[in-house]
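Participant: First, the structure itself, so that you have it in front of you.
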Amino acid sequence: REDNLLENTIIFFFSDHGDGLPRMKRWVYDSGIQVPLLVRYPDRHQGGTTNENLVSFVDFAPSVLSLAGIPVPKHMQGQAFLGSQKTAARKYIYAARDRMDPAPETIRAVRDKRFKYVRNYRTDLPYIGFIPYRDRAAGMKDLLQLIEQQKLGPDQWQFSARKKPLEELYDTQNDPHEIHNLASDPRHLEKLAELRSAHLAWTKETNDLGHLEETELVKKLWPPAGVQPTTASPIISLQKSRRQGEPSTISIRCQTAGASIAYRLSKSSRWLLYSKPFPVRGTDTISSTAIRLGWKPSPTVEMKIK
C-alpha cells in the first residue's frame, strides 16, 4: 500500500508447516503438511470463495509464472493452479520426510482428496527420533516423559511405537487426525493399491534420491569424489562512456552456470543482487561475489573505478 502497488499485485498469504508442537512440523500427516492459503486479487476476483482442489507448495512457482504470463519451464515439478496456464486439478499431492539433524528417516506419503497413504522405508525406527533441538521444547520434554512412563493412550500409538508398519492408510474424512491405520483392512485394499502405485510412479518420475546412502548422494551431487565445489569468481567489466558527462557501465558475469551474483559499491554497505549492467559515475570501488546453491561461495573480487 505504501508503494502504491496494492491494486497491481496478487498476494499469497500462507503459513509455515510447524508450530513447535509434536506431530506438527516433521510429520507427513495433515497436521504437519496442511497449511492455510489465501490469494488476494486486486479486483477482488472470486473474493470470499473457497477452492477445495489439492495444491502443493511446488505449485506456487509455476502458478506465479502463469499469473505473470511467463511460460512455465518444463523442468518444474509443480503445476499451475492459477493464471493462463492453469492445468487440470491435481489428483494427488505428495510428501516426504528424510533425515533431520542426527535422526535418520525415510518416509513418503501420497494423498488424494480423502485418503492418505504412508510408506515407511525405515520400519526399524520409531516415529520420534533423537533431535536435540526439538527435544529441548517444554512440550516435547513432557511428551518424552509420558512415553517413558508408558502413560499414553492407544490413540497416541505413533508417539510410543518403537517400530513402524510398512504401510499406513487413513480415511481423512472419518479420521482427520490419521490415527486408525486401514492398511490391513480388506475393505480398502483397492484404495491401498491405487495410492501405492501413485507413490511408486512419483518415486520413478522424480528420481527420488532419498533412497541413496548419503555418502553416495554427495558423490552424485558433487562428482566424482563428493567434494563441494567452489563457485567461480565473478568477472567485472567496465565500459567507459564515450561522451563526457555520461556514466560508465558496469557488467558482471560468472562462469559457473546457475550462480547468483551480488555486488556493492564502496559508498554503500548494502549488497545488491546483480541482474543487468548498471551505470556508475565518478571514482568508486566495486566488490562482487557469486554463489551457486549447494556450492561454496566465490572469493570476493574488487575493481577500482577511475
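Participant: Expected output is a single nm value to one decimal: the length gained when fully extending between Lys240 and Arg196, i.e. 0.36 nm times separation in residues minus the C-alpha distance. What is it? Spell out each step's value before the answer.
Facilitator: Values: separation 44, 0.36 × 44 = 15.84 nm, distance 6.30 nm.
So the extension gain works out to 9.5 nm.
Participant: Could I ask something else about it? Could you tell me the distance between the Cα centroids of the stretch 254-306 and the stretch 214-241, to the nearest Å?
Facilitator: Taking the Cα centre of the stretch 214-241 as reference, the centre of the stretch 254-306 is 17 Å away.
Participant: Kirkwood-based Rg over Rh for the stretch 182-306 (C-alpha set), two decimals?
Facilitator: Details: Rg = 24.8 Å, Rh = 18.8 Å.
Expressed as Rg/Rh, it is 1.32.
Participant: Find the Cα radius of gyration of the stretch 235-305, compare it with 2.2 N^0.38 Å by division, and give the number to two decimals.
Facilitator: Numbers: Rg = 12.7 Å, N = 71, 2.2 N^0.38 = 11.1 Å.
Cα-based Rg divided by the globular estimate yields 1.15.
Participant: State, to one decimal in nm², a quarter of the convex hull surface area for the C-alpha atoms of the chain, i.e. the direction-averaged projected area.
Facilitator: Hull-based average projected area comes out at 22.8 nm².
Participant: How large is ³J(HN,Hα) for each residue in the stretch 134-151, as worked out from phi by the Karplus curve 6.51 cos²θ - 1.76 cosθ + 1.60 (θ = phi - 60°), to whole Hz, x for Gly and Pro?
Facilitator: Taking θ as phi minus 60°, the curve returns 5, 5, 7, 5, 4, x, 5, 4, 5, 5, 4, 5, 5, 5, 4, 8, 6, 9 Hz for the stretch 134-151.
Participant: Okay, next question. Tell me which lysines have Cα within less than 22 Å of Lys304's Cα, excluding those fewer than 8 residues away on the same chain?
Facilitator: Cα-Cα hits under 22 Å: Lys240, Lys267, Lys276.
Participant: So, R0 is 41 Å and r is the distance between the beta-carbons of Thr123 and Ser260; what FRET efficiency does that work out to, to 0.05? Write out the running numbers ahead of the final one.
Facilitator: Working: r = 41 Å, r/R0 = 1.00.
That gives a FRET efficiency of 0.50.
Participant: Taking the C-alpha atoms of the stretch 20-171, how large are the radius of gyration and the largest Cα-Cα span, Dmax, in Å?
Facilitator: My reading of the Cα-based Rg and Dmax gives 19.0, 58 Å.
Participant: Still on this structure, I have one more. What nm distance separates the two modelled labels at His17 and Trp271, each placed 7 Å from Cα along Cα→Cβ?
Facilitator: Here the answer is 2.7 nm between the modelled labels.
Participant: Fully extended, how many nm does the chain gain between Ala225 and Asp101 (0.36 nm per residue separation, minus their Cα-Cα distance)?
Facilitator: Working: separation 124, 0.36 × 124 = 44.64 nm, distance 2.33 nm.
Fully extending the segment from Ala225 to Asp101 adds 42.3 nm.
Participant: Quick check: residue separation of Asp175 and Thr283 times 0.36 nm, minus the Cα distance between them. What number comes out in nm?
Facilitator: Numbers: separation 108, 0.36 × 108 = 38.88 nm, distance 6.86 nm.
Contour length minus the Cα-Cα distance gives 32.0 nm.
Participant: On to the next question. What FRET efficiency comes out for Leu54 versus Leu152 if R0 is 41 angstrom and r is the Cβ-Cβ distance? Round to the nearest 0.05. List each step's numbers first, then the result.
Facilitator: Numbers: r = 32 Å, r/R0 = 0.78.
Efficiency, rounded to the nearest 0.05: 0.80.
Participant: Between Arg162 and Glu205, how high is the FRET efficiency from 1/(1 + (r/R0)^6) when r is the Cβ-Cβ distance and R₀ = 35 Å? Nearest 0.05. All intermediate terms of the calculation are to be shown ahead of the outcome.
Facilitator: Working: r = 34 Å, r/R0 = 0.96.
That gives a FRET efficiency of 0.55.
Participant: Please state the charge dipole magnitude for the chain, taken about the Cα centre, from unit charges on C-beta atoms (+1 on K and R, -1 on D and E), reported in debye and rounded to the nearest 20. Walk me through the intermediate numbers first.
Facilitator: Details: 45 positive and 34 negative charges, 298 e Å.
In total the dipole reaches around 1420 debye.
Participant: What order do you get for Trp202, Trp157, Trp27 when you list them from fewest to most C-beta neighbours inside 10 Å? All intermediate terms of the calculation are to be shown ahead of the outcome.
Facilitator: On the way: Trp202 16, Trp157 13, Trp27 22.
Fewest-to-most ranking of Trp202, Trp157, Trp27: Trp157, Trp202, Trp27.
Each reported figure results from applying straightforward, stated rules to the coordinates on display, with no laboratory input. Here the structure is a predicted model, which means the values were calculated and not measured. Counting neighbours? That spans all protein chains shown, and the Cβs are built from the backbone with ideal geometry, glycine included.
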